[in-house]
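Enquirer: The following block contains the structure, expressed as structure tokens.
Each reported figure results from applying straightforward, stated rules to the coordinates on display, with no laboratory input. Note that this is a predicted model, so its numbers are computed, not measured. All Cβ positions, even for glycine, are placed from backbone atoms using ideal geometry, and neighbour counts span all protein chains on display.
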Amino acid sequence: MSTSAAETVPRLRLLDSLSAISATAWDALHDGRNPFVSHAFLAGLERHGCLREDWGWTPRHATLWEGDLLIAAAPAYLKDNSHGEFVFDHAWAQAYARYGREYFPKWLCAVPYSPVTGPRLLASTPTRRRQLVAALAAHAAEAGLSSVHVNFHPEAEDGAFDGAWLSRIDVQYHWRNDAGWTDFDAFLAAFDHKHRKNIRQERARVARAGATFRTVHGDEASDADLEAMFGFYLQTFQDYGNSPALTFDFFRHMARAMPRQWILFLAESGGETIAGALCLRGGDTLYGRYWGCHRNLPGLHFETCYYQGIEYCLREGLRVFEPGAQGEHKIARGFLPTFVRSRHWIADPAFAEALGRWCEEETLAVRRYAATLAAHSPFKTTPA
């Protein structure tokens with residue numbers, strides 16, 4: 001093989017920080033429609049103290065090169081636990097321990113703390129995505145890692161994985177405007193009478209309580225707005241006994257680095273900001289991330305987290321609203337069951353075979369569950 005030909009063989013290079021690569025090179029690998037895989041978001045998590053090794057997050061990003069040209073990449077992390085992933089494998093770790101093997105560290109390709117579907121194999125062609133997937137498995141085997149996991153990838157990336165990668169699905173609840181609704185009244189007109197009446201009553205209760213709302217993009221947000229939203233975020237984590245990972249410096253960074261994609265829905269009453277929801281905007285999708293309140297009013301959660309976001313999507317022409325993981329109560333408000341995906345490479349063949357059977361059974365159960373949920377659609381005619 002000639003020297004020039006050898007130089008074109010893709011090689012894997014691991015990065016301990018995204019600061020080791022330029023934003024221009026990284027962002028050239030994706031179309032910019034999903035804010036969570038942008039260099040600004042991922043590097044911001046690292047730079048502003050959101051990723052901690054003692055919480056199990058050690059950046060180990062995969063990059064694939066042809067000579068000096070970056071051709072593919074995946075945001076990836078060595079994990080000593082399953083904290084902040086939202087694809088639950090605690091039973092796998094326990095079974096691996098009973099099997100007499102070490103499950104951790106594992107290698108995770110995902111966006112930290114973000115159960116949001118989006119590109120994970122950043123590359124311009126299917127061939128390069130397949131090369132990246134092969135490089136992930138090869139490195140894991142060489143390094144003695146138990147497994148590689150790719151969480152919340154889009155269906156379009158499924159073709160990059162061969163049969164050695166186990167497949168899992170789960171259900172989230174997403175709003176989609178495939179009917180061409182132009183305003184909230186048109187949206188409600190698609191509901192059956194009972195659900196339409198319930199939503200109108202919920203919104204009316206919030207209005208009667210005197211709450212008003214402001215929609216604030218990052219470049220419109222004052223320090224007081226950011227501090228209020230960060231306070232709501234902290235309050236919610238405190239209420240549930242969890243430790244908040246994001247920092248105020250990260251909030252401020254995002255407002256400046258991605259000013260039109262960082263969106264706050266702020267509720268006010270009596271001259272005070274009493275609640276807020278934080279969303280990110282993508283190409284045609286609104287992503288709900290966090291919410292909190294200092295004073296709860298009847299219906300305030302639904303108005304702040306769901307109805308304000310739907311109004312924004314209708315006003316801005318966005319087609320999809322993903323309000324976050326879990327929550328069957330979202331169905332009654334127009335968010336229908338949607339499958340989300342993950343892929344898993346397991347180093348031990350016998351354990352992989354056993355997990356493969358487990359995944360097949362889980363998939364059947366999830367599909368039955370989704371079919372049951374779909375029967376509770378609030379729409380007169382369920383959208384396709």
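Enquirer: Would you mind getting me the FRET efficiency between GLU353 and ALA95? Use the beta-carbon distance for r and R0 = 22 Å, nearest 0.05.
Expert: In this case the efficiency is close to 0.95.
Enquirer: Could I ask something else about it? Fully extended, how many nm does the chain gain between PHE339 and LEU234 (0.36 nm per residue separation, minus their Cα-Cα distance)?
Expert: Residue separation times 0.36 nm, minus the Cα-Cα distance, leaves 34.8 nm.
Enquirer: In what sequence do ILE274, ILE331 fall when counting other Cβ within 10 Å, fewest first?
Expert: So the ranking, lowest neighbour count to highest, is ILE331, ILE274.
Enquirer: Between segment 218-239 and segment 349-383, how many Å separate their Cα centres?
Expert: Their Cα centres are 36 Å away from one another.
Enquirer: Nearest 5 percent is fine: what portion of the DSSP beta bridges confined to segment 179-318 is antiparallel?
Expert: Restricted to segment 179-318, the bridges split so that about 100 percent are antiparallel.
Enquirer: Among HIS30, HIS83, what is the fewest-to-most ranking by other Cβ atoms within 10 Å?
Expert: Lowest count first: HIS83, HIS30.
Enquirer: Then there is this: With only alpha-carbon atoms in the gyration tensor, what are the semi-axes of the equivalent ellipsoid for segment 179-318, in Å, largest first?
Expert: Working from the Cα gyration tensor, I get semi-axes of 26, 19, 13 Å.
Enquirer: Count of lysine pairs in the chain with Cα atoms under 20 Å apart, counting only pairs 8 or more residues apart in sequence or on different chains?
Expert: Going through the chain pair by pair, I get 6.
Enquirer: Output the DSSP H helices from the chain with an along-axis C-alpha extent of no less than 15 Å and a mean Kyte-Doolittle hydropathy no less than 1.0.
Expert: Helices meeting the span and hydropathy rule in the chain: none at all.
Enquirer: Before rounding to the nearest 500, sum -39500 (n - 2.57) across all DSSP H runs of length at least 4 in the chain and divide by the residue total; then give [θ] at 222 nm in deg cm²/dmol.
Expert: -10500 deg cm²/dmol
Enquirer: Order by neighbour count: TRP92, TRP358, fewest other Cβ atoms within 10 Å first, most last.
Expert: So the residues, fewest neighbours to most, are TRP358, TRP92.
Enquirer: Right, next: Direction-averaged shadow area of the convex hull around the Cα atoms of segment 136-259, nm²?
Expert: Average projection, Cα convex hull of segment 136-259: 13.8 nm².
Enquirer: Moving to a separate point now. Rg(Cα) of the chain divided by 2.2 N^0.38 Å?
Expert: Working it through for the chain, the quotient is 1.04.
Enquirer: Okay, moving on. Going by average Cβ neighbours within 10 Å, how do the peptides 185-194, 253-262 rank, with the highest at the top?
Expert: 253-262, 185-194
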